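Quick notes on the structure that follows.
Since every read-out is calculated from the coordinates, none of them should be taken as a lab result. Here the structure is a predicted model, which means the values were calculated and not measured. When we count neighbours, we look across all protein chains shown, and the Cβ atoms used for this are built from the backbone with ideal geometry, even at glycine.
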Amino acid sequence: MSADRKRIVVTGATAGLGYFAAERLAAQGHRVVIAARDGVRASRAVDAIIDRLPAADLETVELDLADLRSVRSGAAAIAAGGPVDVLLANAGVVGSRRRQKTTDGFELQFGTNHLGHFALVSHLLPALEAAPAARVVHLGSISHRWVRLDLDDPMMLSSYSNYVAYARSKLAVMTFGFELDRRLRRASSTVSSVVAHPGFSWESLSEPRPPVVVPHRPPAVITSAMHTFSQGKEIGAEPLVEAAVAEGVRGGEYWGPAGWFQLTGGPALVKASAHAYDLAAADRLWTESARLTSTRPSLD
């Protein structure tokens, strides 16, 4: 594999942002590992990419972020394939009005979006360190601005709100992403950690990639109005791709759309809310995540 051609693991690449990021990365000539819980959907994503890019270099691995045993086995399968240059930790779920649980009994969104990826990073760190200068890219969200972590009740047992649960899970992802880079730097690791977000991206505005992405278009007048503050997911994926492979990206950075309020536009270096960098919250989140998942990134 040439120096500029990377082996890139993308979680959640069977739909939406993850699919478009995988397609873009494959178009750049990288080897893309589609890590997905559903083998049928993974095969469909591969077929959709091959249909547009016949020479794409792809592999698939079964990995369910809502099941820590699956995370462990999936990470082992990925590591068996050799060093990992980039982990694009994209996958995420949005729950329902009713509180739901992962296989391990965690609140679904915190357990999948944050804890699943925390465990995956922990298991894959040796494969990342085996690459010359690997990156972990975490998928943040503008929703982090309006919530704070509650590590006294991370599973929201006392009070549940679907929106708050999602936003807190994304704040946890970002807080972990920034803290991971601080700890990697202290350990003089060759791995860096970056956070990126897609702005306000809708599938209904996205380019079709049947059967993986089949947008349901609203009436033209509504579509036109939506374009003033939102964009398709193929555009929302651009900051993720930039953070993953662009030259000059540094650990600890935050990438997102360049437009108004970071809702739309091309990829740019942007700012997160100050509480996403809270050192005390980050340290406590790290400790609690390690306890809940019975693993932690080894930075010795």
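Put a dot 7 Å past the Cα of R250, heading toward its Cβ, do the same for S159, and the two dots end up 4.0 nm apart. With the simple model of a label 7 Å out from the Cα in the direction of the Cβ, K271 to D51 spans 4.4 nm.
Normalised by the number of residues in region 7-291, what is the relative contact order in percent for Cα pairs under 8 Å and 6+ residues apart? RCO, region 7-291: 18 percent. Taking the helices alone, the chain has a mean residue ellipticity at 222 nm of -11500 deg cm²/dmol, built from -39,500 (n - 2.57) per DSSP H run of at least 4 residues and averaged over all its residues. Each DSSP beta bridge with both residues in region 7-291 is either parallel or antiparallel, and the antiparallel ones are about 15%. A Cα-only calculation for region 168-224 places Rg and Dmax at 18.3, 54 Å. Amide H contacts of S206: K233, each under 5 Å away and 5 or more positions distant or on a separate chain (H built 1.01 Å from N in the peptide plane; Pro and chain starts excluded).
Computed from phi, the 3J(HN,Hα) profile of region 26-33 under the Karplus parametrisation 6.51, -1.76, 1.60 (θ = phi - 60°) reads 5, 5, 7, x, 7, 8, 10, 9 Hz, with x in place of Gly and Pro. Other residues within the sphere of radius under 14 Å centred on the Cβ of L108, judged by their own Cβ, net out at +3 (K and R +1, D and E -1). Applying 0.36 nm per residue to the separation of A280 and S43 and subtracting their alpha-carbon distance, the gain on full extension is 81.1 nm. Per-residue extension of 0.36 nm, minus the Cα-Cα distance of R217 and R148, leaves a gain of 21.4 nm for this segment. When both region 22-73 and region 206-225 are represented by their alpha-carbon centers, they are found 23 Å apart. For region 7-291, the equivalent ellipsoid derived from the Cα gyration tensor has semi-axes of 25, 23, 19 Å, listed largest first. Converting phi to 3J(HN,Hα) with the Karplus coefficients 6.51, -1.76 and 1.60 and the offset θ = phi - 60°, region 264-278 yields 9, x, x, x, 8, 6, 10, 10, 8, 5, 4, 5, 6, 9, 4 Hz in sequence order, with x at every glycine or proline.
Computed 3J(HN,Hα) for region 76-87, one whole-Hz value per residue from the Karplus formula 6.51 cos²θ - 1.76 cosθ + 1.60 where θ = phi - 60°, is 5, 5, 5, 5, 5, x, x, x, 10, 7, 9, 10, glycine and proline marked x. Modelled spin labels at E207 and E62, positioned 7 Å past Cα toward Cβ, are 3.2 nm from each other. Please work out whether region 146-259 counts as rounded, prolate or oblate from its C-alpha gyration tensor, where a ≥ b ≥ c are the square roots of the eigenvalues and a/c under 1.5 means rounded, while otherwise a/b larger than b/c means prolate and anything else oblate? Here region 146-259 falls in the oblate category.
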